């Protein structure tokens, strides 16, 4: 009973923080806009300053929604990977899923004559083509991971495979970029920094729908996810078709990671760290409580990163410069705690 | 409910090669009785248990439950017939004993796994039966080995199956917990009318507690019978190759004899 109450309190706190962070992201940015004007713009009354109107409606609001959704998506993706591979250090960036998606994007961009940084809208086939590229790339890495997880039983080895796949994908992207224009390289580097301001209002419906549907799908997997906590043999004995379950989970993970990576770049650490934050806050591994908490905490962490990112003294700070500062201490804590437990 | 094997051959398949470990098994698992599966390492105990729980396919022959082919059933049907407890330690933290035992209800719950009041009662009852209810709110990672094994047995009980299969349930336990666990399984078989099958290396406890034995001999044959019968026939002598390792019926254990 105590744990149930703790879960509800956690959710309320995370929701309140989400609201405050979203408000802060709305109020503070590289351009100072009076709060009263922001209020008017949000309420639909508009502002006398047309530039402010555009900044709020076409930059800050989409950025807040993007960050919240991307944070939730990457975090749930990490949670599913951690349960599927029974590995607390699994996550979409460390296992190379993000890099695979990035490689898919890079190949599509070069093949269609665009550059990665300007992918959103300039590729010949539009952003849907790049999205498909990202899905194929993420899917390919997940297929490699499945194949290796059948051969190497050790979860540490699987992580190393993921890291190697990551390096390989990054290296291929760099090679592809060597045939790209100087401008293309610049925009690739910018893309690699990660940012949540790349989704335009026109693209938002596709971005949001894909992520929300995948998050719902993940929520519907609560029962088999809980069974998998005991390992595949117990899960099978409880009537779970572990092959089908694992494939379904990896498809959901792939879609979540690919969509975020295509639009926001390869964002590190959030997917790995947030599920642990959620476990810590709710004191449970039970997915019925873990998934909602992970969604909210993921949105919070991404918004916090965004708030820091847009308030740099000399312009925008890359998201990927902020996530490790939050992520690395938590990962070290996990590793040390695991060592003590064993 | 009765589990029967018909001319069952078990083993493993690597690539195109099939290796049979035990052949022509015609066994019968009886309800209300505790059956111990004994044999040296590599004799095929785990393979037999894996085959019965459908983790491995039989090479030949069949296993049926009341005349229904077990291998033809889907996972969900099987999950309501056989509950499993393995040797391997579960590694997950963050699950309380109640959470863990509740997972045993999965074969009976709906799509999202929500527990009804009667599911909760079954879980509560299972924890009381094995005597782990005082730890209901403790995390499984904080339990002793003996307590964790009790929690796993409670989970199997909550699954509410006529058959419970345990692969070396006492392997990591100290002697007191071993005796307690065997006593508990004996009680569950007799008082709950379950068919309980376990594999073990703990000979003396198995001989004391088990009603029936399945002995895998050093010649790769499986002898089955009641414990009393097999003790009388001195069948245990056939477990090991070494002629100097003799069975001592008073100690109910093996001894080295010069």
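Only the coordinates and a few stated rules stand behind these numbers; no lab work does. Quantities reported herein were computed from a predicted structural model and do not represent experimental measurements. Virtual Cβ from ideal backbone geometry, glycine too; neighbours counted across all protein chains shown.
Some observations on this one:
- Inter-chain Cβ neighbour average for residues B:98-108, partner chain, 10 Å: 4
- Considering only segment B:182-256, percent of DSSP beta bridges that pair antiparallel, nearest 5: 100
- Kirkwood Rh and Cα Rg combined as Rg/Rh, segment A:234-342: 1.04
- Residues residue B:30 and residue B:245, FRET efficiency given R0 of 22 Å [Cβ-Cβ distance, rounded to 0.05]: 0.15
- For the residues A:64, A:316, A:173, a GNM of chain A with alpha-carbon springs under 10 Å puts the largest fluctuation on A:316.
- When chain A is treated as a Gaussian network with alpha carbon springs shorter than 10 Å, the biggest mean-square fluctuation among A:283, A:50, A:140 belongs to A:50.
- Taking the alpha carbon gyration tensor of the protein assembly as shown, multiplying each eigenvalue by 5 and rooting it gives semi-axes of 56, 26, 19 Å, largest first.
- Take the Cβ atoms of residue A:132 and residue A:5, set R0 to 41 Å, and the FRET efficiency comes out at 0.35.
- Choice from B:102, B:118, B:141 with maximal GNM fluctuation in chain B (Cα, 10 Å cutoff): B:118
- Looking at the protein assembly as shown alone, DSSP beta bridges between its own residues are antiparallel in about 60 percent of cases.
- Net lengthening on full extension, residue B:18/residue B:134 (0.36 nm per residue, minus Cα-Cα): 36.9 nm
- Cα-based radius of gyration of segment B:214-258 once divided by 2.2 N^0.38 Å, which approximates compact folds: 1.12
- Helix-only CD estimate at 222 nm, as mean residue ellipticity for chain A, using -39500 (n - 2.57) per DSSP H run (n ≥ 4): -24500 deg cm²/dmol
- Taking label points 7 Å from Cα along the Cα-to-Cβ direction, residue A:328 and residue A:209 give a separation of 4.1 nm.
- Segment A:2-341: mean projected area of Cα convex hull, nm²: 18.2
- Centre separation in Å (Cα based) which lies between segment B:117-148 and segment A:216-243: 21
- Of every Cα-Cα pair in chain B, the percent that sits beyond 30 Å: 29
- Average Cα contact separation per residue, chain B, under 8 Å, 6 or more apart, as relative contact order %: 25
- The packing ranking of peptides A:287-293, B:237-243, A:129-135, highest mean first, is A:129-135, A:287-293, B:237-243, where packing means the average number of other beta carbon atoms within 10 angstrom of each residue.
- Stretchable slack from residue A:50 to residue A:201, in nm (0.36 nm times residue separation minus alpha-carbon distance): 52.6 nm
- Pairwise alpha-carbon distances in segment B:1-149 exceed 20 Å for 60% of all pairs.
- Using a Förster distance of 25 Å, the FRET efficiency for residue B:120-residue B:183 (Cβ separation, nearest 0.05): 0.40
- Shielding score for B:150-158, defined as the mean number of other chain Cβ atoms within 10 Å: 1
- Considering helices alone, the calculated mean residue ellipticity of chain B at 222 nm is -9000 deg cm²/dmol, with DSSP H runs of length four and up weighted by -39500 (n - 2.57) and normalised per residue.
- Summary value for segment A:2-341: 31 percent relative contact order, contacts being C-alpha pairs under 8 angstrom separated by 6+ residues.
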